[in-house]
Each structure stands twice: as C-alpha cells, then as structure tokens.
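One structure is given here, and the rest of the page talks about it.
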Amino acid sequence: MGEDGGGGDPRSLVGQAGEAAALERYLAAGYRLVARNWRSPLGELDLVVARPPTLVVCEVKARRGHGHGGPFDAVTWDKQRRIRRLTEAFLAGRPDLEVTVGEIRFDVASVSFGPGGRPSVHVFEDAF
C-alpha cells in the first residue's frame, strides 16, 4: 500500500475514503484485492481486484458535493490511456496473474460524499 504523504490534506483524505468505499463494494461482490495504490514511474493504479476469470483495474474518483461535476467526469481520454499503460506495466511485473486481454476490465468508481460523510458509490463497469 502506498502513502501519499498528504497527512491531513482534505483532498487526500477524501481520496482515501473513496478508495476504501469502492474496495468495500468490490469485496462485498466477491472480488479479492490484488493491489491498492500500485505505483510506478508512470503513475498509480488505485485498485486492482479479481474475481476469476476477470481482473478489474478501477480508477476511483471521489468528491465531496457536486460543485465541480461528477467524479466520473475527471477520467479524461488522457487519463484512460495512462491507466492502460500502467496496467501493462503492472501485469509485466505479475506473471502469476496470467490474464488475457479479454479478461481485463477497466472500471471507474465514482464516489460522492454527502452531508454526514456517507459515501455513495457508483461503479461504471467496462468504462473504457
């Protein structure tokens, strides 16, 4: 697990809480955690989970309120390309996973925190 060094940074805390809420959702659906906050010089993968035969790479976007659009809106075309490159690097270092391209799914978990701090998680499966 990576630490971003943000300490008490409110954005960092919202991001961490969003990842935890998304992971909880996947675990409840029978997935197992493969990696969280996997980092390389190219960037970071938020969540990698598996439920054979599918490996899911999930980009988590979390926000408090809706003032800047939905969290999903932050996953641009450029970000999608970066996540795909990161996934290739991740898989190159994990030959034990032995997955084929058809078994990899890219999801986006959109997490919003309303009044009281309760997370609302919406997972866009096969988002890109």
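See the values below:
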item: Choice from Arg105, Arg64, Arg118 with maximal GNM fluctuation in the chain (Cα, 10 Å cutoff); result: Arg118
item: GNM top mover of Arg25, Arg81, Arg39 - the chain, alpha-carbon springs below 10 Å; result: Arg81
item: Mean separation of Cα contacts under 8 Å, 6 or more apart, over the residue count of the range 10-124: relative contact order %; result: 28
item: Cleavage-rule hits (GluC sites (Glu not before Pro)) in the range 93-128: DSSP loop, at most 15 neighbouring Cβ within 10 angstrom; result: Glu98, Glu125
item: Estimated FRET transfer efficiency when R0 is 30 angstrom, pair Leu97-Thr76 (beta carbons, to 0.05); result: 0.65
item: Dipole moment magnitude, nearest 20 debye, the chain about Cα centre, only Lys, Arg, Asp, Glu C-beta charged; result: 200
item: Cut-off under 5 Å, modelled amide H: who pairs with Asp107 long-range; result: Val57, Cys58, Glu59, Asp126, Ala127
item: Among beta bridges that DSSP assigns inside the chain, antiparallel share in %, nearest 5; result: 60
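Every number in this text was worked out from the coordinates using simple rules, so none of it is lab data. None of these values were measured; they are calculated from a predicted model. Heads up, the Cβs are rebuilt from the backbone with ideal geometry, glycines too, and the neighbour counts pull from every protein chain shown.
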